[in-house]
Amino acid sequence: MFVTVPKIALALKTHKKELFTTYLLALLWTCCTICSAKEAEKTILTGKIAHYDSAVPFSMVLHRLGLSSLTIYPKVNDKGDFYAEIDLDIPTQIWITYRTNFSVVLHPRDSLWVAFDGNTNQRTTLLSTIQFAGTAAVTNTHIAQFQRLYYASELSDHNKNYQAVKNYDPVQYMRFNDSIRQKGKALYEQFVNSYSPNEESKKWALFESENPYYEHIVFYATDHQSANNLGLMDTAFVIPKGFYEKLAQRLPLQKENLANTNSILTFSSFFKLYINEKLNALGRKDSDWFITPSGELLVPKAIADSVVLHSIVDFVSDPLLREIMISHHFSKAFQKQDIKPYEKFHAIRTKYIKSPYLRNLLQQEYLTTKSRVEHPELNSRGIFKEMQSSPVKGIMDDILLSNKRKVIYIDFWATWCAPCLSEFPNSKQIEAYFHNKDVSFVYLCLDSDFDKYKATISRYDLGGQHYFLSAKQSSAIRELFNANGIPFYILIDKDGRILETGNHLRPLSVKDQINKLIQ
């Protein structure tokens, strides 16, 4: 059911005239689109960013269950009115990012309008300016209220948790974490008593309020090692038996929890630590795999897929979590252009991945990846054809023409992206290795301030060819290459064919591939 214009008018009669007019236009736009749409599960998200600045990147991220994340760049005009169509099969948490970020929950066929002040990079301040209308407006109003409480609370005090992580041993830290759990429960009760939320937002907030407790468990070991400069195999630090057993307390997952997409994704990704603990208890001395003192699985690449998938089957009793984890394993392989695990373990995926929203989308990812792997020249032609009307056509043409008969390695980065900057020393290393070889290193700076761009290039003293892209060009090239996050890389052969793209093509890992291409 969509909210009618009279009901919306009643709900918004205290809003400013400009915001109300914007919403009515957006609603008419939405209704026309929905009436003509062929896909029953189309969801519409419209809204307005007050004090909009076109130089500031604006995006929406769907962290899809069991699949790779998807970044959407909405259509937005000079006044800050935006529009996006999203295909959804299940309720999904979507992160809206402009200066800072916040999340909304959308359902299949929803039509939601959201307005917020884009003049602040403080999340709690922004959340106090949000207005909603349309379907799911009540739920999202309550969810925004909970987020405002959460991000103003001690639960989001990362510095206090860092000190505990650094200084406490596992037993001491778990006592500290138990106090965090109690504070999460208290925050939830405060939310319920203060805002009288509806049932959907209560269930969403209850699941979210438990996040710090479970996330602290899974991140403690690696964060403690990093804070104290300990190596992965340092036996001075050992996670005690049963430490990860508490993760199973969150089970079973319910379908009503699926709207907490980000929380479930984090939980499912790190439930492997519980599995590793179970593997370690087997005490198999002759095994090829090994569990580190901090609980990580070390396994030869040749048997990694088999060990991981069979251990999920053996030790994850919750059907929903199990199929999410199996699906995610295959999806991560697709991001590395690897379709073999999906084909080889046909029996496991058909037996355990039952939900259509996982099975169907995973099959689509497989077919797309298979086509890209088997026909790289067709993939290249398709991208270059799409590029003809793109704002980045001139840049890509210049890159290809300037580097004819050379292997081209393209790096998408931004001045604010810490993972991007951390790879630059490695980039310099392989640049030196391939000096005077038929390889060109190209750097595309996205969504950044020009002065900071120049200062960063100077600081890292990078060679290669450098391009600074405007906000419009940054959005276009992300969409063109489906770059869901940065750093992002493209590898092009001497014939100008795009061989591979993705976040996984880090400088040191791509060295052998480049060597083969220049021989």
Next on the checklist: Considering only residues that are polar (S, T, N, Q) and crowded, with 17+ Cβ neighbours inside 10 Å, which ones fall in region 413-459?
Outcome noted: Thr415, Ser427, Ser440, Ser448, Thr456
Item to check | Test set (1) more than 25 Å from the chain's Cα centre (by Cα); (2) buried (at least 17 other Cβ atoms within 10 Å of the Cβ); (3) in a helix (DSSP H, G or I) - Ile477 fails condition number | outcome: (1)
Checklist entry - Hey, does region 375-389 have a residue that's buried (at least 19 other Cβ atoms within 10 Å of the Cβ), outside any loop (DSSP other than H, G, I, E, B) and either modelled with pLDDT of 90 or more or among the polar types (S, T, N, Q) (or both)? => result yes
Item to check | Residue among Ile44, Ile90 that alone is assigned by TED's automatic domain parsing to the domain that holds Gln131 and touching a Leu at 6+ places or on another chain (Cβ under 6 Å) | outcome: Ile90
Checklist outcome for this item: Over region 207-259, the set of residues among the polar types (S, T, N, Q), more than 23 Å from Leu67 (Cα to Cα) and in contact with a helix residue (DSSP H, G or I) (Cβ under 7 Å, 6 or more places away or on another chain) is Ser209, Asn228
Checklist outcome for this item: Taking first residues from region 32-57 that are at pLDDT below 50 and second residues anywhere that are surrounded by fewer than 15 Cβ atoms within 10 Å (Cβ to Cβ) and in a strand (DSSP E or B), the pairs with Cβ under 9 Å that are 6 or more apart or on different chains are Glu39/Asp87
Checklist entry - In region 333-346, what residues are part of a helix (DSSP H, G or I) and either at pLDDT 95 or above or in contact with a His (Cβ under 9 Å, 6 or more places away or on another chain) (or both)? => result Gln335, Pro341, Tyr342, Glu343, Lys344, His346
Next on the checklist: So, Ser294, is that one out of contact with any strand residue (DSSP E or B) (no Cβ under 8 Å at 6 or more places or on another chain) and under 30 Å from Leu106 (Cα atoms) or not?
Outcome noted: no
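Scan region 60-87 for residues that are part of a strand (DSSP E or B) and touching a helix residue (DSSP H, G or I) at 6+ places or on another chain (Cβ under 8 Å) and report the count. Lay out the reasoning, then the answer.
Within region 60-87, the subset part of a strand (DSSP E or B) is 60-62, 70-72, 75-76, 81-87.
From what's left, touching a helix residue (DSSP H, G or I) at 6+ places or on another chain (Cβ under 8 Å): 62, 71, 81, 83, 85.
Count: 5.
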Next on the checklist: Please go through (1) without any contact (Cβ under 8 Å) to a residue 24 or more places away in the chain; (2) assigned to a loop (DSSP other than H, G, I, E, B); (3) buried (at least 17 other Cβ atoms within 10 Å of the Cβ) for Asn482 and return the number of the only condition it doesn't satisfy.
Outcome noted: (3)
Next on the checklist: Considering only residues that are part of a loop (DSSP other than H, G, I, E, B) and at pLDDT 90 or above, which ones fall in region 510-519?
Outcome noted: Val510
Checklist entry - Does Thr129 fit the bill of being assigned by TED's automatic domain parsing to the domain that holds Leu106 and exposed (fewer than 15 other Cβ atoms within 10 Å of the Cβ)? => result yes
Item to check | Residue list for region 231-245, filter: at pLDDT below 85 and either small (Gly, Ala, Ser) or within 28 Å of the chain's Cα centre (by Cα) (or both) | outcome: Gly231, Leu232, Ala236
Checklist outcome for this item: Within region 313-325, the residues that are under 11 Å from Ser268 (Cα atoms) and without any contact (Cβ under 8 Å) to a residue 60 or more places away in the chain are Val316, Arg322
Next on the checklist: As an exercise: evaluate Gln249 against (1) surrounded by 17 or more Cβ atoms within 10 Å (Cβ to Cβ); (2) within 20 Å of Leu321 (Cβ to Cβ) and give the number of the one condition it does not meet.
Outcome noted: (1)
Checklist entry - Within the set of pairs 6+ apart or on separate chains, which have a first residue in region 490-504 that is farther than 15 Å from Arg405 by Cβ, a second that is among the basic types (Lys, Arg) and in a loop (DSSP other than H, G, I, E, B), and C-beta atoms under 8 Å apart? => result Gly502/Lys336; His504/Lys336
Item to check | Residues located in region 84-100, provided they are in contact (Cβ under 8 Å) with a residue 60 or more places away in the chain and of a type in the set (S, T, N, Q) | outcome: Thr92, Gln93
Next on the checklist: Just to be sure I understand, how many residues within region 497-511 are crowded, with 18+ Cβ neighbours inside 10 Å and closer than 18 Å to Ser371 by Cα?
Outcome noted: 5
Next on the checklist: Considering only region 136-150, I want to know if a residue exists there that is more than 24 Å from the chain's Cα centre (by Cα), farther than 18 Å from Ile72 by Cβ, in contact (Cβ under 8 Å) with a residue 24 or more places away in the chain and in a loop (DSSP other than H, G, I, E, B).
Outcome noted: no
Item to check | Residue tally, condition assigned to a loop (DSSP other than H, G, I, E, B) and of a type in the set (S, T, N, Q), over region 40-59 | outcome: 1
Checklist entry - Can you tell me how many residues in region 253-283 are assigned to a helix (DSSP H, G or I), over 19 Å from Ser209 (Cβ atoms) and either modelled with pLDDT under 90 or not aromatic (Phe, Trp, Tyr) (or both)? => result 11
Checklist entry - Within region 172-194, is even one residue exposed (fewer than 15 other Cβ atoms within 10 Å of the Cβ) and not in a helix (DSSP H, G or I)? => result no
Item to check | One residue from Val138, Val104, Val165 being assigned by TED's automatic domain parsing to the domain that holds Gly80, hydrophobic (A, V, I, L, M, F, W, C) and either surrounded by 21 or more Cβ atoms within 10 Å (Cβ to Cβ) or modelled with pLDDT under 95 (or both) | outcome: Val104
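The values are calculated or read from the model by the stated rules, or taken from the named source; none is laboratory data. Just so it is clear, the model here is predicted, and its values are computed rather than measured. Methodologically, a virtual Cβ is constructed for each residue, glycine included, from the backbone with ideal geometry; neighbour enumeration extends over all protein chains shown.
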